[in-house]
1. Only one of 294, 187 is farther than 30 Å from residue 422 by Cβ, at pLDDT below 90 and in contact with a strand residue (DSSP E or B) (Cβ under 8 Å, 6 or more places away or on another chain). Can you tell me which?
2. Is it the case that some residue within the range 466-482 is in contact with a helix residue (DSSP H, G or I) (Cβ under 8 Å, 6 or more places away or on another chain), part of a strand (DSSP E or B) and under 18 Å from residue 545 (Cβ atoms)?
3. If you take the residues in the range 260-280 that are free of Cβ contacts under 8 Å to residues at least 24 places away in the same chain and either under 32 Å from the mean Cα position of the chain (by Cα) or part of a helix (DSSP H, G or I) (or both), which one is surrounded by the most Cβ atoms within 10 Å (Cβ to Cβ)?
4. Suppose we filter 136, 104 for residues that are under 48 Å from the mean Cα position of the chain (by Cα), loosely packed, with under 15 Cβ neighbours inside 10 Å and part of a loop (DSSP other than H, G, I, E, B); which single one remains?
5. If we scan the range 456-477, do we find a residue that is closer than 16 Å to residue 559 by Cβ and either surrounded by fewer than 21 Cβ atoms within 10 Å (Cβ to Cβ) or in the same structural domain as residue 539 (by TED's automatic domain parsing) (or both)?
6. May I ask you to say which residue of 148, 161 is part of a strand (DSSP E or B) and in contact with a helix residue (DSSP H, G or I) (Cβ under 8 Å, 6 or more places away or on another chain)?
7. Among the numbered criteria (1) touching a strand residue (DSSP E or B) at 6+ places or on another chain (Cβ under 7 Å); (2) modelled with pLDDT under 90; (3) part of a loop (DSSP other than H, G, I, E, B); (4) loosely packed, with under 13 Cβ neighbours inside 10 Å, which single criterion is violated by residue 598?
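The values are calculated or read from the model by the stated rules, or taken from the named source; none is laboratory data. Remember, predicted model here, so these are calculated numbers, not experimental data. Note that each Cβ is placed from the backbone with ideal geometry, even for glycine, and that neighbours are counted across all protein chains shown.
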């Protein structure tokens with residue numbers, strides 16, 4: 001619906017067309033005659049004979065009515081008006097009596113405005129509910145109408161004239177068409193979402209974290225239809241400490257291409273992890289593609305990197321050759337092996353392998369042809385442009401502000417972002433591996449179990465994990481396990497008030513598994529059987545990590561050793577758009593901020609204490625839990641006041657913190673209150689709360 005204000009007097013009815021008006025004062029049978037001009041031959045000559053004009057007026061296909069005075073008394077209505085509203089006897093009635101069902105639909109108010117201001121108004125597709133024939137059954141209609149003031153011979157506003165079009169059928173037809181189009185688009189989008197979700201489920205959502213190499217990946221769906229195709233990539237840790245990098249392209253788009261891609265990826269992954277050489281793995285994939293028509297002419301590039309020596313073994317089956325860039329801005333393409341696509345090889349021939357060396361600090365980039373193919377440009381031009389952009393990214397010369405810290409991430413992100421700015425017609429895939437100048441050394445740190453000692457140990461371990469930079473979920477699991485093991489030493493290894501040494505030894509193994517040992521030199525002391533909510537810490541850690549084993553102290557003086565293993569990952573970037581990477585999650589220091597609410601007591605009554613809200617940030621562990629417990633108890637007055645605790649910014653929620661929350665929950669329950677915990681899904685605190693079945697809200 002739209003209303004236009006047509007100001008001024010330009011759209012007013014001509015004064016010469018003013019009509020004699022019968023004004024109803026609300027009393028049946030009483031009326032008085034008012035005329036804007038005198039009757040006579042002059043008006044007949046100007047407008048036409050009254051009989052002719054009245055006949056034409058009554059036959060107009062428009063819905064026309066004229067209202068007089070501030071009560072908008074009906075002084076004229078044509079046949080279309082009477083038929084539309086199903087009423088014949090409305091002349092002389094104010095509109096609020098003639099058409100009472102229009103009350104509350106802003107029609108009377110619009111007439112009042114035109115009469116008061118003398119300005120015309122136009123309304124388009126107004127939705128109204130009318131009662132034809134006064135039967136009591138409302139019908140919904142749509143009208144376009146125009147309201148213009150009528151004037152006396154002296155120019156004073158005397159009433160309002162209206163004419164309208166019934167556009168109900170047109171509006172309904174358009175609404176039906178719009179609904180059908182929206183439904184068709186929704187079904188099409190649902191189908192696209194299913195295919196895209198299928199492909200993203202078949203692609204690796206993360207990449208391995210390895211000691212001597214840093215990997216990164218980007219994947220974009222074809223821009224022309226946003227329907228996932230057959231591109232894929234993978235980074236597979238190998239038994240001997242190497243890593244296999246793969247980028248391939250199955251012909252076609254949609255469910256069939258995605259499913260075929262998933263099958264071929266599984267064949268290659270299985271061959272590589274079971275010890276096949278690169279040429280043997282490709283031969284197996286080639287044979288599989290030859291038996292599957294949907295995989296015929298699939299292209300693939302395979303690079304096997306030994307991070308310790310930098311040796312590269314690679315083969316290209318219909319794929320463009322990998323690109324090597326250095327941190328100094330140098331760039332070179334590896335020699336093309338000249339292999340045909342899978343499933344098209346001549347009988348008796350096998351894949352051709354070549355070797356090269358990736359120097360420390362260099363990055364190798366595998367990519368699909370969607371990154372280098374452009375309309376009206378040769379493939380050579382596309383490859384030259386890629387080499388330039390990738391070299392600038394590796395040297396941090398392209399968009400350096402806010403760029404990723406490592407060359408692999410910079411090369412993947414910026415090549416995809418910059419080379420797709422002008423559009424792209426095919427899926428785009430980029431996979432990069434950066435050989436670190438030196439592998440990350442193992443962590444060896446020891447401190448006493450005092451509060452200050454544990455804090456120093458945390459800073460050392462945090463700095464080491466920062467260099468590993470695993471996915472947030474993996475880091476949360478490892479941190480929880482390590483600090484539960486440290487808390488175990490604090491609680492059970494040494495007598496109260498007599499801290500002893502605790503040691504952390506951690507190493508990232510060649511296959512991407514983090515192995516960590518937490519060792520003390522004390523003797524195991526059984527927990528206090530009267531303590532509640534205890535014994536959760538190592539159980540939580542065991543459920544969040546791949547494996548956790550506790551070897552308790554023995555009589556010969558050997559302390560307790562907690563050994564955990566967890567495979568680390570780093571997210572790959574999958575999606576239909578290019579944008580900035582999500583910033584690393586902040587790791588604030590421990591803090592508790594208290595906010596006291598106040599409920600309104602109503603008029604004349606003082607306010608009463610309301611809910612207390614606490615915002616907790618940073619790590620909640622053995623070094624900070626006492627402060628948290630004091631703050632909770634003081635803010636709630638020992639459980640008297642209802643409480644909400646926001647754990648959104650918590651970076652670690654250890655079992656000691658869970659114990660405090662349980663106690664606070666019981667205190668509040670004793671006073672008839674509930675403890676509300678705020679922890680968004682995917683956050684550090686929410687994973688622990690779900691594990692221990694403490695309810696939380698988003």
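1. 294
2. Taking every residue of the range 466-482 in turn, none turns out to be in contact with a helix residue (DSSP H, G or I) (Cβ under 8 Å, 6 or more places away or on another chain), part of a strand (DSSP E or B) and under 18 Å from residue 545 (Cβ atoms).
3. Step by step, filter the range 260-280, then rank; the result is 271.
4. 104
5. Scanning the range 456-477 turns up at least one residue that is closer than 16 Å to residue 559 by Cβ and either surrounded by fewer than 21 Cβ atoms within 10 Å (Cβ to Cβ) or in the same structural domain as residue 539 (by TED's automatic domain parsing) (or both).
6. Within the list 148, 161, the selection yields 148.
7. Of the numbered conditions (1) touching a strand residue (DSSP E or B) at 6+ places or on another chain (Cβ under 7 Å); (2) modelled with pLDDT under 90; (3) part of a loop (DSSP other than H, G, I, E, B); (4) loosely packed, with under 13 Cβ neighbours inside 10 Å, the odd one out for residue 598 is (3).
Results for (1) in the same structural domain as residue 459 (by TED's automatic domain parsing); (2) over 14 Å from residue 694 (Cβ atoms); (3) part of a strand (DSSP E or B), shown as yes or no for each residue.
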| position | (1), (2), (3) |
| --- | --- |
| 630 | no, yes, no |
| 634 | no, yes, no |
| 640 | no, yes, no |
| 645 | no, no, yes |
| 648 | no, yes, yes |
| 651 | no, yes, yes |
| 658 | no, no, no |
